[in-house]
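Here the structure is laid out as structure tokens; the discussion comes afterwards.
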Amino acid sequence: MKTMDAVLFKRILTGGAKNLRANVQKINDLNVFPVPDGDTGTNMCITFETGLEETAKTASGDICDCAHALSHGSLLGARGNSGVILSQFFKGLEKGFKSYKQVTALDLIDVYKTAVAQAYHAVVNPVEGTILTVFKESVNYAESRIDSSSEIEDFYREHLKGAEEILPKTKEMLDVLKEADVIDSGGAGYLCIAEGMYNSLIDEDYNPLAGNEGVNQKNDAPAVDISAFTRDSELEFGYCTECLLRLQTKKTDPDNFDIQKIVDFLNEMKGESIVCYKEDDVVKLHVHTPNPGDVLNELRKYGEFLTIKIENMALQHQEIVNKQDAEAEKPEHKKLAVVAVADGEGIKQLFTELGADVIINGGQTGNPPVKAFLEAFDKVNADYIAVLPDNSNIMLTAKQAKELYKKSEIVVLPSKSIQQGYSALSVINPFFDDIEDFVSDVQETIDGVTALEVAGADKDANLNGHNVAKGDYIGIEGDKILCVTENRTDALYQLLEQFKEIDDKELLTVFCGKDVTEEEKNKIEKDLQEKYSSMDVTVLDGGQDVYSFYVSLE
């Protein structure tokens with residue numbers, strides 16, 4: 001193959017996404033810390049699959065249109081740092097493909113180099129030894145081996161080889177990876193994508209998920225409010241029916257099948273909002289009808305289903321009504337609104353009491369997508385919206401949402417922990433005169449916060465000179481383990497004792513997690529007030545998962 005068009009590009013993208021999905025848990029397990037926050041694979045997979053869903057909606061045969069859909073979808077679905085960086089790589093592909101209808105191997109070099117540059121540009125302080133390095137070196141490797149006689153297969157084969165060669169070296173590029181004896185998880189995720197793309201290029205039937213399509217799949221669909229359709233309701237709107245049908249040679253001729261047969265049938269039964277198209281031997285169908293069973297029976301004359309989704313449109317209608325009601329109930333206009341990310345019911349309540357207008361749910365293992373930020377921005381009515389990401393892994397997502405939102409001026413404050421977010425809320429002045437002074441004041445408060453954590457280890461590890469067994473409790477400062485104990489309260493006490501600058505602090509705040517009992521909380525409060533009598537000690541119910549204690553020192 002000397003050239004690649006949109007049809008082929010979609011095929012290899014699908015192969016890349018499937019291979020990533022098949023390896024999600026392996027990528028998640030490459031986490032450095034023995035705490036269940038290793039969700040790199042999940043974040044990348046959701047980001048990629050959201051983008052891929054958009055490409056399926058494009059009927060154009062031009063590769064530039066396919067790349068645009070991939071970029072747009074992944075941008076809105078991006079989660080976590082790894083997901084955001086991957087979405088930016090896809091955005092770079094869109095830029096690189098520009099107005100191309102199809103590309104050669106040499107064209108792909110320029111396109112991928114543009115994608116690498118975009119990914120690096122999206123990260124404020126790019127670090128080598130990460131997914132960025134795997135992006136760059138895999139393209140450099142291919143560039144050194146591709147010329148005008150090369151085929152598409154040559155590019156993706158050499159691109160894959162480059163990724164395979166550089167990934168093991170990431171362990172030596174970053175001390176934290178070297179000490180934990182793991183390769184970079186984001187880079188590993190991209191290698192899975194490159195491998196899947198190449199394998200699907202040389203094998204049309206490539207499917208690493210064959211027989212295991214449900215493995216590692218995370219249910220991210222919003223909960224359906226079934227109360228909108230009761231036993232006394234009338235079927236006013238019918239059903240929204242969507243499916244993927246694989247045409248079968250024993251039932252029809254897949255290569256020459258005319259989908260007009262299906263369209264004519266749907267028109268006869270008065271189906272509405274019909275979308276029906278065929279790619280290779282797969283038919284994608286969307287229709288509104290009161291009789292989805294008749295549709296499914298008709299389609300089975302030609303093949304078998306890969307996926308089916310049937311939704312009562314009364315529930316969809318109610319969701320629209322609810323959104324319209326929410327829009328009508330928008331709060332009065334104000335100068336400043338605050339959107340904060342938090343986990344734990346206690347912490348969310350505290351944040352609300354301190355003035356946060358909207359709370360986005362975002363625990364250690366649940367990074368919110370860009371879409372969640374955009375929806376939060378739409379809920380407020382303000383000239384300025386201050387965002388507290390409160391997790392370093394969410395910072396890029398918040399910044400990407402800022403770039404997309406144009407209705408208000410978004411200010412992403414540099415809070416990288418719940419502790420910093422809590423302190424920032426306490427000093428935010430909604431009646432500021434100058435936005436730069438406002439940011440500077442909050443920055444000063446955030447810089448004065450030291451964040452410590454205590455968490456239960458979910459696996460054995462050897463890190464920072466500590467042997468950690470599954471079930472132990474570890475005291476953490478930044479990216480370092482300071483202590484390991486068998487008891488969570490002992491871990492808290494030892495963590496504070498080993499923090500050398502504690503005598504310089506005036507405020508000690510402890511947020512207790514969901515696993516901490518009321519008896520433990522009361523004892524901790526009494527013990528800390530006695531031991532640190534010169535400090536203002538506060539112990540609060542945080543209700544967070546993963547971490548038994550968030551500790552803030554100021």
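The values are calculated or read from the model by the stated rules, or taken from the named source; none is laboratory data. Just so it is clear, the structure is predicted and the values come from calculations on it, not from any experiment. Virtual Cβ from ideal backbone geometry, glycine too; neighbours counted across all protein chains shown. Surface accessibility is based on the protein's heavy atoms, side chains included, excluding ligands, DNA and RNA. Shrake-Rupley method; radii C 1.70, N 1.55, O 1.52, S 1.80 Å.
Worth pointing out:
- Residue within segment 277-298 that is among the aliphatic types (A, V, I, L, M), closer than 18 Å to residue 246 by Cα and assigned to a helix (DSSP H, G or I) present: yes
- Cβ-Cβ under 6 Å pairs, at least 6 apart or on other chains, segment 67-84 side free of Cβ contacts under 8 Å to residues at least 24 places away in the same chain and under 16 Å from residue 193 (Cα atoms), far side assigned to a helix (DSSP H, G or I) and of a type outside the set (Ser, Thr, Tyr): 71/90; 71/91; 71/94
- Close pairs (6 angstrom Cβ cut-off, 6 or more residues apart or separate chains): farther than 18 Å from residue 28 by Cβ in segment 365-378, open to solvent by 30 Å² or more (accessible area, probe 1.4 Å) and in a helix (DSSP H, G or I) anywhere: 370/76; 371/76
- Restricting segment 428-463 to residues that are without any contact (Cβ under 8 Å) to a residue 40 or more places away in the chain and in a loop (DSSP other than H, G, I, E, B) leaves a set whose member that is nearest to the chain's Cα centre (by Cα) is 429.
- Counted residues, segment 151-198 - those being open to solvent by 20 Å² or more (accessible area, probe 1.4 Å) and of a type in the set (Phe, Trp, Tyr): 1
- Residue that is part of a helix (DSSP H, G or I), more than 35 Å from the chain's Cα centre (by Cα) and crowded, with 16+ Cβ neighbours inside 10 Å, where the choices are 519, 525, 497: 525
- Only a single item in (1) among the charged types (D, E, K, R); (2) within 20 Å of residue 155 (Cα to Cα); (3) assigned to a helix (DSSP H, G or I) is not met by residue 2, and it is number (3).
- Just one of the listed residues (505, 402) is touching a residue at least 40 places away in the same chain (Cβ under 8 Å) and among the basic types (Lys, Arg), namely 505.
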